[in-house]
Amino acid sequence: MPGSTLRILVVGAGIAGLAVARALRLAGFRPEVVERLPASPGTGGGIYLPGNAARALREIGLDSPVRPLGQVIGRQRFFDAAGQELCEVDLARLWSGVGECRALPRSELHRVLLTGAGGEVRHGVELRRLDLAPEAVTVTFGDGRLAEYDLVIGADGRRSAVRTLAALGGSARPAGQVVYRSVVTGGPRVVDWTSLLGQRAGFIVMPMGAGRLYCYADEAGTVAPRDPRARLREIFGDYGGPVPAVLDAMETVRVETTNEVELGRWSRGRVVLVGDAAHATSPTLSQGAAMALEDAVVLADALRRFDAVDEALSRYESRRRPRTKWVLDRTRDRDRTRDVPPALRDPLLRGRGGRIFQEHYRLLLEPA
């Protein structure tokens, strides 16, 4: 496909949008990137990247700038609420030949992707309307300006405006979880990805270098509390392991309810969705960024290989859909495991937990 002549608009400058812009440029295209939000230095939160995310970063040539960031995570350890060990997963062995698992500040990953994307990102740009024709899309922006593109890529997340304007699906559905995130400094020494499982709730903490800990917790529910720090102490105050010291060191907490996106199709005409806009899950398997990065690799490859845009989009979706469905199903499996009463769940995990949790990633060990 003549990449230099294909007019492509990428909507969204998060992980998915910047990754797809980078992959497209490597394939010979020159996409435009717009973002609804104003430019900012990025969130202060953390992110955990499994091995398949590292492989995707390698495929778009960004593994080297990411490698000095954060901390490699070599092992996952699971405990009950009291801090008694249930099972563990050797991540270095599980992802051998694929990539290292890493925890790092989200802002640092975003900075690498932004630099790698090349070109200007236009911030504060909203979409008002998409008019689809057989060979093009006319975009009406929020300021009334019109522009025509050969392809519009919606990388604008779970609440995607592109998905709505292109009539590709309704709103995201609640996943029944309230999630809490925080970055802690001056907390206890933690060397592994460490999870404590309680009654329909869990608390995860992992190191991400420079004395920082990335903390993620969740509980079953659909309403975010007004005071997330107080709620964390209410739920997890009697947990064992590193949790008490982490709670004492915690200063700020981000809280949100999470949701899923599951669609019958990802493209309509010359509009296509990537990342959470197409296939969001709860964060339980930490696959959101990995799936977005893989989407970018596969979509750019399909557009490079096929002369017809519609054929390329069909190829992209046929390659990606089974894999993202696997992630959705395994995420739901993991969530159901968390929701089993501890008296039943914990003996099972002590006997078979390592094998169960490794199985959740089996398909993802293969290339996208």
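Values quoted throughout were computed directly from the atomic coordinates according to the rules given, and no laboratory measurement underlies them. Keep in mind that this is a model prediction, so the values were computed, not measured. As a convention, Cβ positions derive from the backbone with ideal geometry for all residues, glycine included, and neighbour counts pool all protein chains shown.
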Worksheet item: If you count the DSSP beta bridges with both ends in the chain, what percent of them are antiparallel, to the nearest 5?
Response: 75 percent
Practice prompt. State the extension gain, in nm to one decimal, for the chain segment bounded by T185 and Q199, taking 0.36 nm per residue of separation less the distance between their alpha-carbons.
Written response: 2.3 nm
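Helix-only estimate, please: 222 nm mean residue ellipticity of the chain, summing -39500 (n - 2.57) across DSSP H runs of length 4 or more and dividing by its residues, to the nearest 500.
Mean residue ellipticity, 222 nm, calculated: -11000 deg cm²/dmol.
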Worksheet item: Taking the alpha-carbon set of the range 93-149, what are its Rg and Dmax in Å?
Response: 18.7, 54
Worksheet entry | Kirkwood hydrodynamic radius of the chain, from inverse mean 1/r over distinct Cα pairs, in Å | 21.2 Å
Worksheet item: If you take the Cα atoms of the range 153-192, find Rg, then find the Kirkwood Rh from the mean of 1/r over all pairs, what is Rg/Rh?
Response: 1.27
Worksheet entry | Where labels lie 7 Å past Cα in the beta-carbon direction, separation of E126 and R304 in nm | 3.7 nm
Practice prompt. Within the range 218-262, report the GluC sites (Glu not before Pro) that DSSP leaves as loop and that have at most 14 other Cβ atoms within 10 Å.
Written response: E251, E262
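Of M291, M250, how do they rank once you tally other Cβ atoms within 10 Å and put the fewest first?
M250, M291
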Worksheet item: By counting other Cβ atoms within 10 Å of each Cβ, how are T281, T222, T331 ranked from fewest to most?
Response: T222, T331, T281
Worksheet, complete the sentence: Low-density loop GluC sites (Glu not before Pro), the range 28-84, at most 14 other Cβ within 10 Å, DSSP non-H/G/I/E/B, are none
Worksheet item: Cα-based Rg of the range 170-243 per 2.2 N^0.38 Å, rounded to two decimals?
Response: 1.18
Discussion item. Can you bin every Cα-Cα distance in the range 285-347 into 10 Å intervals starting at zero and give me the percent of pairs per bin, rounded to whole numbers?
Written reply: 20, 34, 22, 13, 8, 2
Worksheet, complete the sentence: Here the Kirkwood hydrodynamic radius of the range 84-234, Cα-based and in Å, equals 19.9 Å
Fill in: At R0 = 56 Å, FRET efficiency that the Cβ-Cβ distance of S314 and T222 yields, to 0.05
0.95
Discussion item. Just want the ordering: S267, S40, from fewest to most Cβ atoms lying within 10 Å of their own Cβ.
Written reply: S40, S267
Practice prompt. Once you have the Kirkwood Rh of the range 33-110 from its Cα pairs, apply Stokes-Einstein at 25 °C and 0.890 mPa s and quote D in µm²/s.
Written response: 171 µm²/s
Discussion item. Once each part is reduced to its C-alpha centroid, what is the distance from the range 197-226 to the range 135-154 in angstrom?
Written reply: 40 Å
Discussion item. Can you give me the C-alpha center-to-center distance between the range 295-317 and the range 243-283, rounded to a whole angstrom?
Written reply: 24 Å
Worksheet entry | the range 1-157: translational diffusion in µm²/s, Stokes-Einstein, Kirkwood Rh over Cα pairs, 25 °C, 0.890 mPa s | 139 µm²/s
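Could I get the Rg over Rh figure for the range 263-368? Both from C-alpha atoms, Rh via Kirkwood, rounded to two places.
For the range 263-368, the value is 1.09.
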Fill in: the chain: relative contact order as a whole-number percent, Cα under 8 Å and 6+ apart
22 percent
Worksheet item: Taking the Cβ-Cβ separation of A39 and A343 as r and a Förster radius of 41 Å, what is the calculated FRET efficiency to the nearest 0.05?
Response: 0.20
Fill in: Estimated inter-spin distance, L263 and E135, nm [label 7 Å along Cα→Cβ]
2.5 nm
Fill in: Rg over Rh, two decimals, the range 322-365 (C-alpha only, Kirkwood Rh)
1.02
Discussion item. I'd like the FRET efficiency for D238 and R336, computed as 1/(1 + (r/R0)^6) with the beta carbon distance as r and R0 of 22 Å, rounded to 0.05.
Written reply: 0.35
Response to the item:
The Kirkwood hydrodynamic radius of the range 257-308, taken as the inverse of the mean 1/r over all distinct Cα pairs, in Å, comes to 12.2 Å
